[in-house]
Amino acid sequence: MNRENSAASIRARSPRPEATPGMVLVVDDEPLMLRALGRILREDGHQLVLAESPEGADAALADPELDVALLDLVIGTASGLEMLERIKRERPEIEVVVMTGHASIESAVRCIRHGAFDYLAKPFDDVHRVRTTVQQALERRRLLRRNRELEERLEDRSRAPELIGHAPKMRRLLRTIDSLRHNESQVLIQGESGTGKELVARAVHATSRRHRGPFVPVDCGALPESIIESELFGHERGAFTGAVGAPGLFRMAEGGTL
């Protein structure tokens, strides 16, 4: 089948899937095919970027809103497989659908192993297959994005102690903690015994850049003066009677908060 007939075949009407529009990049060196795909996908409301070469797709690939890329396996003298590898290396969250007029089991397996969402053989006998494949790729992209957002929320909840209160002073305290998010210097927390100074310290740690590091609380007032130095800085085995060796709290808190 020649290019004109191939492009005409995907203009045939088919039932349209329930479309949730997204941003779709289409890369194909056949202008007729590119225009036909663009017309089909625009009918589903997608925001489209059409490119006849990998270089023409660079701006779209840098756009954080890009959801799906539809790539021809042979783009002029360029390799669609190499472009697939590049996208999955630089933007792994983008779903990639590979198209080819020379379909084979070997090339399909190779594309899937390199991270392609699906593999479509040209010419397209059914427009519905193209539409549903793009829609399914969009749904998977959004599902993974939603899962990642929920995981981040759960991680934030698990690491940050909950400070409850709506009084003006409590709201002011929460704003202060938030303002220390990028702070890299020491923080002094003052308050009466039992008012929750360690809880505030944990909240400061949990919202800081050091939140993945350890949080090491130490009550210096509860340590005898004779061992404070060895507790903070560590000691070697046998340094004093009964010493078994310890790294010290400063070293234990490295990368986190003491």
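Name the most mobile residue of 177, 75, 87, meaning the one with the largest mean-square fluctuation, in a Gaussian network model of the chain with Cα contacts below 10 Å.
177
Leaving out ligands, DNA and RNA, what percent of the accessible area of region 81-211 is carbon and sulfur, probe 1.4 Å?
51 percent
Lysines near residue 197 by alpha-carbon distance under 23 Å, same-chain residues fewer than 8 away left out - which ones?
In chain and number order, the partners are 169.
Who wins for biggest fluctuation among 24, 96, 216 in a Gaussian network model of the chain, springs between alpha carbons below 10 Å?
216
So what is the accessible area of the chain per residue, in Å², with the probe set to 1.4 Å?
I get 62 Å² per residue for this part.
Let me check against my output: what whole-number percent is the relative contact order of the chain, with C-alpha pairs under 8 Å and at least 6 apart?
Working: 356 pairs, mean separation 35.2, N = 258.
It comes to 14 percent, rounded to a whole number.
If packing is taken as the mean number of other Cβ atoms within 10 Å per residue, what is the order of 196-208, 180-192, highest first?
Ranking the peptides 196-208, 180-192 by packing returns 196-208, 180-192.
The values are calculated or read from the model by the stated rules, or taken from the named source; none is laboratory data. Quick caveat: nothing in here was measured; it's all calculated off a predicted structure. No Cβ is skipped: glycine too gets one built from the backbone with ideal geometry, and neighbour counts run over all protein chains shown. The protein model used for the area step is the full one, side chains on, heavy atoms only, and it has no ligands, DNA or RNA in it. Shrake-Rupley method; radii C 1.70, N 1.55, O 1.52, S 1.80 Å.
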